[in-house]
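A short write-up of the structure that comes next.
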Amino acid sequence: YLQEYFGYESFRKGQEQIIEQVLGGINTAGIMPTGGGKSICYQIPALLLPGVTLVISPLISLMKDQVDALEQNGIDATFLNSSISGLESSNRMNDIKHGRYKLVYVAPERLENPAFQQDLFNVEISMVAIDEAHCISQWGHDFRPSYLKIKTLLKNMPSAPTVLALTATATPHVTDDICQSLGISVQHTVSTGFSRDNLFFSVVKEENRSRFLMRYLEKNKNESGIIYAATRKEVDSLYAKLIKAGFKTGRYHAGMNEKERSEQQDQFIRDDVPLMVATSAFGMGIDKSNVRYVIHYQTPKNMESYYQEAGRAGRDGLESECILLYSPQDMQIQRFLIDQSNPSQEWQSQELKKLNRMKDYCFTEGCLQAFILRYFGEENPEDCGHCENCTDKRDSVDVTTQAQMVLSCMLRMGERFGKTMISQVLTGSRN
Ligand code: ADP
């Protein structure tokens with residue numbers, strides 16, 4: 001089937017094992033990096049199993065493309081989401097009940113409708129695949145309340161389907177959550193590791209970021225890249241600045257209307273516009289292979305978001321850069337947002353911890369890729385050998401005594417002065 005329907009010679013890492021487990025009726029969690037080839041893991045079993053495979057995915061804007069691609073490969077598939085009318089929906093449901101499709105994609109919001117769940121009980125569903133499965137965990141970076149309905153759905157389904165949960169970003173805590181919610185034994189998790197060897201990570205700290213960005217874009221004019229900014233306002237102002245400087249740029253954030261957004265996205269995917277400035281609303285599930293760099297103009301709120309966004313670079317396996325522009329103000333803004341956002345103390349303290357890890361990433365002197373892998377639970381990952389820190393040629397100098405002198409001076413001055421005054425005192429200024 002891999003060759004016949006999809007035209008691939010061999011499986012990628014993890015695919016075969018996941019498919020074998022699922023075909024053997026074992027509930028499975030698959031953790032593979034972005035671009036690792038998760039779709040095949042449910043598409044091939046869907047062809048081999050009787051009845052229908054239900055695919056739950058939050059990526060509504062991509063469902064049509066996914067279904068079109070399957071149809072082109074000769075696989076009967078359809079989707080149900082808010083983009084189609086009620087009438088069309090019930091027609092499709094009818095066809096589903098009559099066994100016209102092997103794969104049915106649904107948005108998680110559908111599951112909140114009891115009538116819809118009831119309808120599904122009359123369909124022979126052999127397998128339920130849950131894409132972006134980290135959305136089920138409140139500790140994930142993208143929790144979706146409607147994902148919690150999946151549990152009820154599975155419990156009530158007369159056909160007792162096999163479950164396959166898929167994600168690219170799950171800390172051990174989130175993996176536990178996924179397994180527990182969906183009835184998967186932790187030993188049936190297949191993880192191919194999170195490492196992306198073609199990504200070159202770096203953190204820019206002590207430079208004016210606007211100047212850095214302009215210089216970088218000038219040097220990489222013909223390459224495709226994404227710039228992530230934290231707010232809509234920031235996206236708009238960067239966009240204006242880049243257009244004025246003569247860069248062909250797209251723009252994307254949740255404040256634009258649906259039509260504008262999909263136009264901008266299409267232009268970027270078709271390579272009409274090489275550059276995209278966006279908030280984190282952009283990019284989920286986008287299969288654009290030749291993104292050569294992802295720049296974070298502001299520090300994101302946690303490592304999960306960072307790695308998922310940065311991971312959109314280099315899906316084709318060619319060398320690509322992931323650059324984070326750090327500034328202390330970003331930390332203050334993120335802290336403020338956490339304070340504002342959720343009344344639960346436990347949630348806030350969890351988010352603050354994650355933010356601090358993000359900051360640790362910006363200041364680590366060790367391998368950046370290895371830091372990320374450890375964050376996602378890998379033990380003793382090897383240094384990548386090509387990130388900013390691995391290639392740092394500076395000599396280290398012992399400045400312990402000097403640091404002690406600075407701290408001692410700060411203390412003796414009553415901890416009431418800023419760095420200018422402290423350095424004046426330390427250097428014996430007559431000021
Ligand atoms: P993910 O969902 O894990 O990000 P996809 O399922 O979209 O990844 O697959 C990423 C790309 O890899 C797609 O273009 C897909 O066609 C390709 N791909 C998947 N499996 C294989 C394989 N065994 N051999 C070659 N290419 C593959």
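For residue 191, the residues 5 or more places off, or on other chains, whose built amide H falls under 5 Å of its own are 31.
Would you please give the residues with an amide H less than 5 Å from that of residue 106, counting only those at least 5 places away or on a separate chain, with H modeled from the backbone geometry? Residues meeting the criterion, in which the H sits 1.01 Å from N, are 55, 56, 57, 80.
Applying the criteria of a DSSP loop state and at most 16 other Cβ atoms within 10 Å to the GluC sites (Glu not before Pro) of the stretch 59-166 yields 124. Computed over the chain, the per-residue total of -39500 (n - 2.57) for DSSP H runs of n ≥ 4 gives a 222 nm mean residue ellipticity of -12500 deg cm²/dmol, rounded to 500.
When a 1.4 Å probe is rolled over the protein heavy atoms, the share of accessible surface on the stretch 283-427 that falls to carbon and sulfur comes to 50 percent.
With the gyration tensor restricted to C-alpha atoms of the chain, the semi-axes of the equivalent ellipsoid amount to 44, 24, 21 Å, longest first. Only protein heavy atoms count here; under a 1.4 Å probe, residue 286 has an accessible surface of about 20 Å².
Maximal additional length on extending the residue 364-residue 205 stretch stands at 56.1 nm, based on 0.36 nm per residue less the C-alpha distance. Among the GluC sites (Glu not before Pro) in the stretch 305-369, those placed in a DSSP loop whose Cβ has at most 16 other Cβ atoms within 10 Å are 319, 365. When the surface is traced with a 1.4 Å probe over the full set of protein chains, residue 339 keeps roughly 90 Å² accessible. For the chain, take the longest principal axis of its alpha carbons; what is the angle in degrees between that and the long axis of helix 400-412, to the nearest 10 within 0 to 90? Between the helix axis and the principal axis of the chain, the angle is about 80 degrees. Couplings 3J(HN,Hα) of the stretch 360-377, computed from phi: 4, 4, 5, 10, 5, 9, x, 4, 6, 4, 5, 4, 4, 5, 4, 4, 8, x Hz, in residue order, whole Hz [Karplus 6.51 cos²θ - 1.76 cosθ + 1.60, θ = phi - 60°; x for Gly and Pro]. Among 238, 407, 352, the largest mean-square fluctuation in a Gaussian network model of the chain, built with springs joining Cα atoms closer than 10 Å, belongs to 407. Per residue, the accessible area of the stretch 16-166 comes to 39 Å² when a 1.4 Å probe rolls over the protein heavy atoms. Between the Cα long axis of helix 232-244 and the first principal axis of the chain there is an angle of about 80°, rounded to the nearest 10. The 3J(HN,Hα) values that the Karplus relation (6.51, -1.76, 1.60; θ = phi - 60°) gives for the stretch 36-52 are, in residue order, x, x, 6, 4, 4, 5, 10, 6, 5, x, 4, 6, 8, 8, x, x, 10 Hz. Gly and Pro appear as x.
Largest first and in whole Å, the equivalent-ellipsoid semi-axes of the stretch 332-374 read 25, 11, 6, each the square root of five times a Cα gyration tensor eigenvalue. On a 0 to 90 degree scale, rounded to 10, what angle separates helix 258-269 from the longest Cα axis of the chain? Helix 258-269 sits at roughly 80 degrees to that axis.
Cα centroid separation, the stretch 302-353 to the stretch 218-274: 20 Å. Whole-Hz Karplus values for the stretch 326-332 come out as 8, 9, x, 4, 4, 4, 5 Hz, taken residue by residue from phi with 6.51 cos²θ - 1.76 cosθ + 1.60 and θ = phi - 60°; glycine and proline positions read x. The calculated FRET efficiency for residue 382 paired with residue 426, based on their beta-carbon distance and R0 = 51 Å, is about 0.80.
Taking trypsin sites (Lys or Arg not before Pro) across the stretch 263-362, the ones in a DSSP loop with at most 13 further Cβ atoms lying within 10 angstrom of their Cβ are 270.
In the stretch 117-224, the C-alpha radius of gyration followed by the widest Cα-Cα span (Dmax) gives 20.5, 61 angstrom.
Placing a label point 7 Å from the Cα of residue 345 along the Cα-to-Cβ direction, the residues of the stretch 124-143 whose backbone N falls under 20 Å of that point are 139. The separation of the stretch 179-211 from the stretch 48-116, counted between C-alpha centres, amounts to 30 Å.
Principal axis extents of the C-alpha atoms in the stretch 167-261 (largest first, rounded to whole Å): 55, 34, 25.
Taking the Cα centre of the chain as origin and assigning +1 to Lys and Arg Cβ atoms and -1 to Asp and Glu Cβ atoms, the resulting dipole is close to 1400 debye.
Per-atom-type breakdown for the stretch 163-266 gives carbon and sulfur 45% of the accessible area (1.4 Å probe, protein chains only).
The values are calculated or read from the model by the stated rules, or taken from the named source; none is laboratory data. A quick note: this is a predicted structure, and the numbers were derived from the prediction, not measured. We place every Cβ from the backbone using ideal geometry, glycine too, and count neighbours over all the protein chains shown. Quick note on the areas: whole protein, heavy atoms, side chains included, nothing else; ligands and nucleic acids left out. Shrake-Rupley method; radii C 1.70, N 1.55, O 1.52, S 1.80 Å.
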